[in-house]
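The values are calculated or read from the model by the stated rules, or taken from the named source; none is laboratory data. Computed from a prediction, not measured in an experiment: that's the story for all the values here. Positions of Cβ are backbone-derived with ideal geometry, glycine not excepted, and every protein chain shown enters the neighbour counts.
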Amino acid sequence: MEIVITADAEAAAEAAAGAIERLVVKHPNAVLGLATGSSPLPTYRRLIAAHREGRLSFASVRAFLLDEYVGLPADHPESYRAFIQREFTDHVDLPSDRLQGPDGSGSDAELRTAADRYEASITEAGGIDLQLLGIGRDGHIGFNEPTSSLGSRTRLKTLTETTRVDNARFFDDDVDAVPRHVLTQGIGTILDARHLLLVATGASKAEPVARAVEGPLTAMVPASALQLHPRATVVIDKKAAAKLIHANYYRHAYAHKPEWQRF
Ligand code: F6R
C-alpha cells in the first residue's frame, strides 16, 4: 500500500486527479470506478478543469459507480447517478450511456438481478482500471459496512445509523429521508479493480484511516481490505493522517520514491 500524505485537501485532490489524468491520457478508453460523497469532489473539480483546458477527454472512457441508494426515484437529486452527473460527468465529454450504476429502483427480486447484471457489466467492460474510493467514519468502502464479507460482490446492504446520520447533510439534515438500503459493489468487486485510489481528508477520517492502514485486516474495518491489494494508493491530508503511527516513514518513502514507480 502506498500512503501519500499531503499538506491539505486541495493537494490531496491534485495528487488524485493527477493519477486519473495520467491514466486517461495514456489509456483514453480506461474504465473508471467513481465514488460519490464529499471526499472526491475537489478531485472531480480538477478533472473538469483539465477537460476545459483541453488536456483531457473522457469521450472513450467508461465509468461505473460504486453504489446507489435503493428506493429513491431515478430523478431524485441525491441518487448517486444524479449526484455524479451534477458534480462531474455533465461537465466533461463522457457520453451518458458510458456511465453505469447499480439500478436501485426495483423490487427485492429485481434488486438481486440488478446486482448480478451490474457485476456482468463491469466484467464485460474488461474490469475497472482505477477505482476511486472514500472511507466512511465506520471504515466502510463503497457501502460495505462493518462485517461485510471481504469476498462480497455487488449486493443489497443495510446502512449503519452512523452512515445515515453522516449522509443526512445531503438530505436537508433529515436523517429519516436517507434510505436504509443500498446496492453496493462488494469488497471482492472493489478488490478486482487494477488500481485502488482512496482519498480521505479532514480530522474525522483520522481514526478510520489509521484502522484501515495500520490496523489488522478485518471485516470490521472494510477499508482494511486494501491491505490485500497489490496496487492501493491512499491519498490523505495531514489531518486525516494524524493518527498514523508510521506517518514519517510514509513521507520518507514518498519523498524518495524512484521516478519509474510514480503512480
Ligand atoms: C460513496 C461511497 C462511500 C463514501 C464514504 C465517505 O460512493 O461509497 O463509501 O466514499 O461514505 O463519504 P464522504 O466522502 O462524504 O465523507
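The figures follow:
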quantity: Residues (touching a strand residue (DSSP E or B) at 6+ places or on another chain (Cβ under 8 Å) and of a type in the set (Phe, Trp, Tyr)) located in the range 19-76; calculated: 64, 69
quantity: Residues that are free of Cβ contacts under 8 Å to residues at least 60 places away in the same chain and closer than 27 Å to residue 76 by Cα, drawn from the range 181-212; calculated: 186, 187
quantity: Condition met for residue 126 (free of Cβ contacts under 8 Å to residues at least 60 places away in the same chain and not hydroxyl-bearing (Ser, Thr, Tyr)); calculated: no
quantity: Whichever residue in the range 1-48 is under 15 Å from the mean Cα position of the chain (by Cα), among the polar types (S, T, N, Q) and not in a helix (DSSP H, G or I) and, among such residues, is nearest to residue 169 (Cα to Cα); calculated: 38
quantity: Residue match in the range 234-241 (condition: modelled with pLDDT under 95, surrounded by fewer than 18 Cβ atoms within 10 Å (Cβ to Cβ) and not hydrophobic (A, V, I, L, M, F, W, C)); calculated: no
quantity: Residue selected from the range 140-159 under the condition within 13 Å of residue 221 (Cβ to Cβ) and assigned to a loop (DSSP other than H, G, I, E, B), by the criterion nearest to the ligand (Cβ to nearest atom); calculated: 140
quantity: Which listed residue is without any contact (Cβ under 8 Å) to a residue 60 or more places away in the chain and either within 16 Å of the ligand (Cβ to nearest atom) or under 24 Å from residue 135 (Cα atoms) (or both), from 43, 89; calculated: 89
quantity: Evaluation of residue 228 against (1) farther than 19 Å from residue 134 by Cβ; (2) touching a residue at least 24 places away in the same chain (Cβ under 8 Å); (3) surrounded by fewer than 17 Cβ atoms within 10 Å (Cβ to Cβ) (one fails), failing number; calculated: (1)
quantity: Exclusive hit being within 12 Å of the ligand (Cβ to nearest atom), of a type in the set (D, E, K, R) and without any contact (Cβ under 8 Å) to a residue 24 or more places away in the chain, set 164, 137, 117; calculated: 164
